[in-house]
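The values are calculated or read from the model by the stated rules, or taken from the named source; none is laboratory data. From a predicted model like this one, the values you see are computed outputs, not experimental measurements. Cβ: placed from backbone, ideal geometry, glycine included. Neighbour counts: every protein chain shown.
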Amino acid sequence: MIQRKTPRLLGWIGWAGADAIGRLALLTGSTVILSRMLEPRDFGISALVLTLVAVASVCVGAPFEEALAQRRALRRSHLGAALAAAWLVALVLFALSIPGGFWLGNAYGEPQMRLLLPVAMLSIFFSGHSDIATALARRLHRFNDVAFATLGGHAIGIALALAIAFGGGGIWALIAQRLLVVVARAILLQWRLGFLILPRWSRTHLGHVGRFARISFFDRLADNLTYLAFNNLVGALYGITVLGYVNMAMRLIEPIRGAIIATSHNLAFSYFASAGDDPRRLRDRLEPVVANAAFVIAPLFIGMAAVTPILLPIVAGPGWDAAIPIAICLAIGAAILLPARLVYTALSASARPEFSLIAALSGFGATMALLVLATPLGPISVGLSRLVGDGFQALFAVGLPARHLAWSRIDRFRALLPAYGLASIMGVVVAASGFAMDEISRPLALILSVAIGVVCYVGLLIVFARPTLRTLLGILRPSSRLATTAES
């Protein structure tokens with residue numbers, strides 16, 4: 001059975017990798033173009049609007065995705081009831097966005113927000129449908145279809161948004177990008193699944209997913225409220241222009257962060273779910289996944305942090321230097337948190353999503369507290385507060401009582417520490433190399449920095465973590481023994 005599953009798993013990983021790389025290329029390309037056509041203030045205004053839309057989308061479909069994906073007996077009636085509830089909530093939120101747009105425009109002195117918010121809010125009808133379709137795809141192990149729809153949705157949405165920008169649409173291009181990507185993804189995923197999901201109200205079937213949906217909802221809501229409160233507090237403390245710099249920093253880091261979170265969670269959730277009833281079996285699956293993921297994710301983001309002083313001016317052009325330290329903090333925070341998040345995925349797969357909610361709330365509190373307390377430091381406090389918030393969530397994952405996973409705290413720490421240490425050494429080497437190449441052209445310096453980072457990290461793995469290197473290579477290239485067994 002393992003032999004038969006290996007090519008399929010590699011296919012999922014291949015599609016997930018193509019999706020992540022493709023999305024990163026598309027979003028980076030759109031940022032390169034739009035940052036040269038729009039002002040930081042435009043990015044700040046769009047950040048305020050789209051953060052509200054993101055929170056609203058959590059209220060629509062997100063509560064049902066995890067609940068439907070983990071349910072052992074899933075029927076068409078569950079999907080229809082979830083979609084009916086999602087669209088009912090979406091209708092209420094869309095209606096509220098009309099007066100909300102007027103309030104937001106008056107609060108920030110930006111009249112265009114009055115129309116921007118309701119138009120952007122239309123996306124929640126499609127994101128709700130997309131979340132429920134994603135749950136079905138996860139149940140059917142149709143991860144390739146999810147990746148195809150996500151990548152295709154970004155390609156279509158970004159292309160149309162750029163057309164709007166070149167047509168003189170200004171800030172509307174930023175709003176349209178979010179709206180059109182969500183619409184295209186929902187349509188493509190529905191088409192790929194070949195299973196039409198229609199709304200059908202049923203309180204009985206909603207009750208079957210109620211508890212898990214509520215906890216999942218509050219978890220996702222806490223995560224998105226961090227962005228909402230964060231953006232509004234940054235705007236209040238430093239103004240919309242600084243918020244535009246924050247948005248640019250997030251555009252550099254968040255695409256790859258979001259792709260890794262979604263991909264790792266979807267793949268790992270299915271792997272962990274079958275062992276969810278046995279803490280020891282769950283630990284045996286979780287421990288190597290966390291350790292190996294850390295050796296891949298940590299150097300990726302530490303490397304991004306190290307090359308950000310070179311990369312961000314290439315992507316955004318002149319006038320965006322204030323975004324560099326913020327982007328560095330975001331990248332380091334992602335390196336620390338993302339491998340540890342797999343602990344929450346394992347707990348959710350065993351029907352215990354409340355721990356992810358508690359972690360999100362602790363991260364939210366830490367982020368907001370430091371943002372206010374560190375205001376005398378200036379805009380760098382924005383990046384530092386996000387870094388501390390991510391660190392709190394990772395620390396909570398390591399500090400959970402061992403009885404929930406049959407995996408001791410010290411062993412969790414040991415699983416993560418080697419990757420953090422080697423990635424940090426590599427990051428210092430790359431950052432120092434970048435400073436030494438200050439006199440050469442930025443594109444050449446970026447290429448050389450990436451090459452130095454790859455060579456340095458592979459060398460560190462060979463010296464200090466050779467078994468892990470063999471394992472990672474084995475995942476990408478199955479052994480000839482497995483191939484021979486499968487053929488026989």
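For the stretch 372-384, state whether one or more residues are crowded, with 20+ Cβ neighbours inside 10 Å and within 19 Å of residue 258 (Cα to Cα).
yes
Just wondering, is there one or more residues in the stretch 451-471 that are at pLDDT below 90, small (Gly, Ala, Ser) and assigned to a helix (DSSP H, G or I)?
no
Which of the residues that make up the stretch 80-99 are free of Cβ contacts under 8 Å to residues at least 40 places away in the same chain and either in contact with a Lys or Arg (Cβ under 9 Å, 6 or more places away or on another chain) or not assigned by TED's automatic domain parsing to the domain that holds residue 195 (or both)?
Across the stretch 80-99, the qualifying residue is only 98.
Take residue 337 and tell me if it is under 23 Å from residue 236 (Cβ atoms), touching a residue at least 12 places away in the same chain (Cβ under 8 Å) and of a type in the set (A, V, I, L, M, F, W, C).
Details: under 23 Å from residue 236 (Cβ atoms): no; touching a residue at least 12 places away in the same chain (Cβ under 8 Å): yes; of a type in the set (A, V, I, L, M, F, W, C): yes.
Here the answer is no, as residue 337 does not meet what is asked.
Within the set of pairs 6+ apart or on separate chains, which have a first residue in the stretch 447-473 that is of a type outside the set (Asp, Glu), a second that is not in a helix (DSSP H, G or I), and C-beta atoms under 7 Å apart?
Here the result reads 448/437, each pair linking the stretch 447-473 to a residue that is not in a helix (DSSP H, G or I).
Quick one: in the stretch 336-372, which of the residues that are at pLDDT below 90 and among the aromatic types (Phe, Trp, Tyr) is nearest to residue 405 (Cα to Cα)?
Per the criteria, the residue is 355.
Report, by residue number, each residue of the stretch 428-450 that is of a type outside the set (A, V, I, L, M) and assigned to a loop (DSSP other than H, G, I, E, B). So that I can check it myself, show each step before the final result.
Quick first cut of the stretch 428-450, residues of a type outside the set (A, V, I, L, M) only: 433-435, 438-439, 441-443, 449.
Passing the criteria: 438, 439, 441.
One residue is enough: does the stretch 354-367 have a residue meeting the conditions touching a Cys at 6+ places or on another chain (Cβ under 6 Å), in contact (Cβ under 8 Å) with a residue 12 or more places away in the chain and not assigned by TED's automatic domain parsing to the domain that holds residue 63? Even if it seems obvious, please write down each step before you answer.
First, pick out the residues of the stretch 354-367 that are touching a Cys at 6+ places or on another chain (Cβ under 6 Å): none.
Within the stretch 354-367 (the criterion being touching a Cys at 6+ places or on another chain (Cβ under 6 Å), in contact (Cβ under 8 Å) with a residue 12 or more places away in the chain and not assigned by TED's automatic domain parsing to the domain that holds residue 63), the answer is no, since none of the residues qualifies.
Taking the residues in the stretch 158-180 that are in contact (Cβ under 8 Å) with a residue 60 or more places away in the chain and in a loop (DSSP other than H, G, I, E, B) as candidates, determine which candidate is farthest from the chain's Cα centre (by Cα).
170
Specify the residue that is surrounded by the most Cβ atoms within 10 Å (Cβ to Cβ); the eligible residues are those in the stretch 397-409 that are out of contact with any Ser or Thr (no Cβ under 6 Å at 6 or more places or on another chain) and without any contact (Cβ under 8 Å) to a residue 60 or more places away in the chain. Outline the logic, then answer.
Of all residues in the stretch 397-409, those out of contact with any Ser or Thr (no Cβ under 6 Å at 6 or more places or on another chain) come to 397-401, 403-409.
This time we only want the ones that are without any contact (Cβ under 8 Å) to a residue 60 or more places away in the chain, so: 397-401, 408-409.
On the way: 397: 25, 398: 16, 399: 10, 400: 18, 401: 8, 408: 12, 409: 14.
For the stretch 397-409, the residue satisfying everything is 397.
Restricting to the stretch 137-194, what's the tally of residues that are crowded, with 19+ Cβ neighbours inside 10 Å, in contact with a Lys or Arg (Cβ under 7 Å, 6 or more places away or on another chain) and hydrophobic (A, V, I, L, M, F, W, C)?
Count: 3.
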